[in-house]
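The values are calculated or read from the model by the stated rules, or taken from the named source; none is laboratory data. Computed from a predicted structure; not experimentally measured. With ideal geometry, Cβ positions are generated from the backbone for all residues, glycine too; neighbour counts draw on all protein chains shown.
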Amino acid sequence: MLLLNGVQFIPTGKNPDHEIQIKHYKESVKFLRDTYGKNGQNSIITLIRRKEPTRNATGMLEETAPLVFPAKAYPEVQFAASDSKKKDSIGGMETWAYSENRPLRKQAGDDYQQDPKSIKFMSHAQGFNMDTHIDLLYFLLYKSPKVFFPPAVAQGKVKKGDLMVEDSALRAKEAVAKERDILKLKNAIMAPSLQYPLHNDENLRKVAAAWGIDGAMDQHKSVDELRLLLEHTVKNAEKAKKMTGNGKGLEEFFELIEFDDSVRQRSMIMYALDNGKIKHDKDKNTYLYASGNELLNVPDNKKYVAFDYLASHLSNELNAKEWEMFIKEVVDEDYLNALNFGDLKWLAKLNELPLSQRSTEGLREDLSKIYCG
């Protein structure tokens, strides 16, 4: 039996206080039967540990430790599709519980308490019958934080859990997608042929700098070492993004290698860091010009993404004057000599210089007059 806020939850009942929850329960149960029932041929939903079983030194599977967790949860209110418009006016946390036995209360008027108080998951995988344990399945999949269930996450459930629904077809699809992403990333960075933008070493340096890798614009740093470091860094970023739901990962990297002007801007910032034009005082969370003047103070909640915060700040149109000042501090003859024609055109556009029928050296000379004259 299910309990909602200390009261028995009867899905077939007409408690006006449970109207929204009853609609969600019925819609969710229908979804489970339609999705996993295989046209009535199957009644079992199997939950498995999200972490693969451990093997010992001999290769044998080790015994899975029991998982014991509360039969009570405190999720946000969830809505059926027909009630979705009520999200703006109704919300808050609820108390849900599953009671395998008759729920208990000391006296009339007290809240009902589940019996037993915990749910035990004794193995790596365990099946639950939709015909006999549908209330338990509803609690586990939609309410308990111990079970990761994407359809419920889409409705506001927390994005975590030690258990998940076993779906071999979905797992195979996700595994193939993961392998394709790994291959796509490796090809993009290792760039085995000219058709890949990062086959050009300078393009690789600019993208690595735009991603925030220290030393990317240092010509003394091996570009092959940089390729390996960039691949490793992007993979770790993707793992962190999947764990937290925040940050940048594969999707953002693949957008970056489209090579728009933001890459050139971010690579200029990294050039400034690599060549001492600016420095990052990590103790004070502050970027400083070589003169000692402050460029930007980074808030505490952004200190682990300080480079991205600086790049975003300087690219904001509201901070155009700061960006102009930054460019004047950074650009010198050494910087201009390191730029290719595409980079020079970008910098010339920022200064509204004519571009038609201009040579590389002609643009470099004009820019030198502006910044180094």
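Can you find a residue in the range 98-117 that is of a type in the set (S, T, N, Q) and within 34 Å of the chain's Cα centre (by Cα)? Among the residues of the range 98-117, not one is of a type in the set (S, T, N, Q) and within 34 Å of the chain's Cα centre (by Cα), which makes the answer no.
Count of the range 142-155 residues, restricted to those that are assigned to a helix (DSSP H, G or I) and within 18 Å of HIS124 (Cβ to Cβ), is 0.
Take the conditions hydrophobic (A, V, I, L, M, F, W, C), in contact with a His (Cβ under 6 Å, 6 or more places away or on another chain) and surrounded by 16 or more Cβ atoms within 10 Å (Cβ to Cβ) and apply them to ALA97. Does it pass? If you could, list the steps in order and put the result at the bottom.
Numbers: hydrophobic (A, V, I, L, M, F, W, C): yes; in contact with a His (Cβ under 6 Å, 6 or more places away or on another chain): no; surrounded by 16 or more Cβ atoms within 10 Å (Cβ to Cβ): yes.
No, not satisfied.
Of the residues contained in the range 8-15, none is found to be under 20 Å from ILE134 (Cβ atoms), within 32 Å of the chain's Cα centre (by Cα), assigned by TED's automatic domain parsing to the domain that holds ASP131 and crowded, with 17+ Cβ neighbours inside 10 Å. Listed by first and then second residue, the pairs linking a residue in the range 114-128 that is on the phi < 0 side of the Ramachandran plot and among the acidic types (Asp, Glu) to a residue that is loosely packed, with under 13 Cβ neighbours inside 10 Å and in a loop (DSSP other than H, G, I, E, B), with Cβ atoms under 8 Å apart and 6 or more places separating them unless they lie on different chains, are ASP115/ASN101; ASP115/ARG102. Only residues that are part of a strand (DSSP E or B) and in contact with an Asp or Glu (Cβ under 7 Å, 6 or more places away or on another chain) were counted across the range 56-92, and they come to 1.
When GLY92 is tested against (1) of a type outside the set (Lys, Arg); (2) farther than 30 Å from THR132 by Cβ; (3) in contact (Cβ under 8 Å) with a residue 40 or more places away in the chain, exactly one condition is not met: (3). The residue list LYS38, LYS26, LYS51, LYS30 contains one member that is in contact with an Asp or Glu (Cβ under 9 Å, 6 or more places away or on another chain) and either without any contact (Cβ under 8 Å) to a residue 40 or more places away in the chain or in the same structural domain as VAL147 (by TED's automatic domain parsing) (or both), which is LYS51.
So, ASN203, is that one more than 21 Å from MET93 (Cβ to Cβ) and either loosely packed, with under 14 Cβ neighbours inside 10 Å or under 20 Å from the mean Cα position of the chain (by Cα) (or both) or not?
Against the criterion (more than 21 Å from MET93 (Cβ to Cβ) and either loosely packed, with under 14 Cβ neighbours inside 10 Å or under 20 Å from the mean Cα position of the chain (by Cα) (or both)), ASN203 does not qualify.
All conditions but one from (1) at pLDDT below 90; (2) in a loop (DSSP other than H, G, I, E, B) apply to VAL158; the one that does not is (1).
Screening the range 249-277 for residues that are closer than 13 Å to LEU185 by Cβ and in contact (Cβ under 8 Å) with a residue 24 or more places away in the chain and picking the one that is surrounded by the fewest Cβ atoms within 10 Å (Cβ to Cβ) gives PHE254. Quick check, is GLY161 in contact with a strand residue (DSSP E or B) (Cβ under 9 Å, 6 or more places away or on another chain) and more than 18 Å from PRO70 (Cβ to Cβ)? Here the answer is no, as GLY161 does not meet what is asked. Among the strands (runs of 3 or more DSSP E) confined to the range 218-317, the ones with at least 2 residues that are among the charged types (D, E, K, R) and outside the structural domain of PRO150 (by TED's automatic domain parsing) are located at 278-281.
The rows are residues; the columns are (1) crowded, with 18+ Cβ neighbours inside 10 Å; (2) over 22 Å from GLY212 (Cβ atoms).
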residue: TYR304; (1), (2): no, no
residue: LEU314; (1), (2): yes, no
residue: LEU318; (1), (2): no, yes
residue: TYR335; (1), (2): yes, no
residue: SER368; (1), (2): no, yes
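When restricted to residues that are modelled with pLDDT of 85 or more and either touching a Cys at 6+ places or on another chain (Cβ under 8 Å) or surrounded by 14 or more Cβ atoms within 10 Å (Cβ to Cβ) (or both), the range 187-198 contains 6. Scan the range 122-151 for residues that are in contact with a Pro (Cβ under 9 Å, 6 or more places away or on another chain), modelled with pLDDT under 95 and surrounded by 12 or more Cβ atoms within 10 Å (Cβ to Cβ) and the total you get is 2. Residues in the range 323-338 include at least one that is closer than 14 Å to ASP261 by Cβ and either assigned to a helix (DSSP H, G or I) or touching a residue at least 12 places away in the same chain (Cβ under 8 Å) (or both).
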